[in-house]
1. Return the FRET efficiency for the residue pair Ile56, Asn81: r is the Cβ-Cβ distance, R0 is 30 Å, and the value is rounded to the nearest 0.05.
2. Which trypsin sites (Lys or Arg not before Pro) from segment 74-166 combine a DSSP loop assignment with at most 10 other Cβ atoms within 10 Å?
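Please treat every number below as a calculation from the coordinates, not as lab data. Just so it is clear, the structure is predicted and the values come from calculations on it, not from any experiment. FYI the Cβ positions are ideal-geometry reconstructions off the backbone, even for glycines, and counts take in every protein chain you see.
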Amino acid sequence: MISFFLANWQQIKPFNQTYVLIAVLSLSYVIFIFSLGFHPLALIVGLAIALLTLVIWSVIIPAKITRFNAQNQADLLIPKNFENELARCDRLLGKDRVFSQWQATLSSVREIHVLARDIHQSDRILLPELLEILHFVLHLCREIANSLVALKKVKTSASSQQITQHLQLKQSQLQEIYQTLSQLKDKLLIAGLEVNSTVTTNSLKQLLESINIDCENL
């Protein structure tokens, strides 16, 4: 039991609540001993209760930390998480990340992320749709990065034209998402006194339906 607790100590150590719990247990232990007297049985039972409480705490908290971290990593509305995913896309280009097309793509994607966060602040019920859109935006980002890399490697004009068309399609999809989210944000701002959640939800669902159709045709 002690070894198990020590193994989990590093995870629960940073939390102030851990030290509050230890202080409360210590005080309770002292009160417990004074109440029952300094008998060996009281000392052992009190210590066992305190240790058991700490062990239970060390089991519950690490599991919550793991779950919280997993949720945070999946939440693309968190800027750090989104930027981490963008960095992965950026690495696909290697030294060619300076392409003006790629920098313009990154700029558009970041603007979309800001819009998604603003919309979420106005209407939190739209979280599932917004996260799905951001996942697709990152998918488009990877497609554009791969297209730019392929465009530099191909030798024939026919292949170059085909990749360029694919690239333009993905860029236009990004612009469509940007325009749709901009319109939704404006609706939420203008209709602040009479926000129609049904309208905004339907608009996002229509966008998601078009995205799903595009994914099936990839």
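1. With R0 = 30 Å, the Cβ-Cβ based efficiency is 0.45.
2. Passing sites in segment 74-166 are Lys155.
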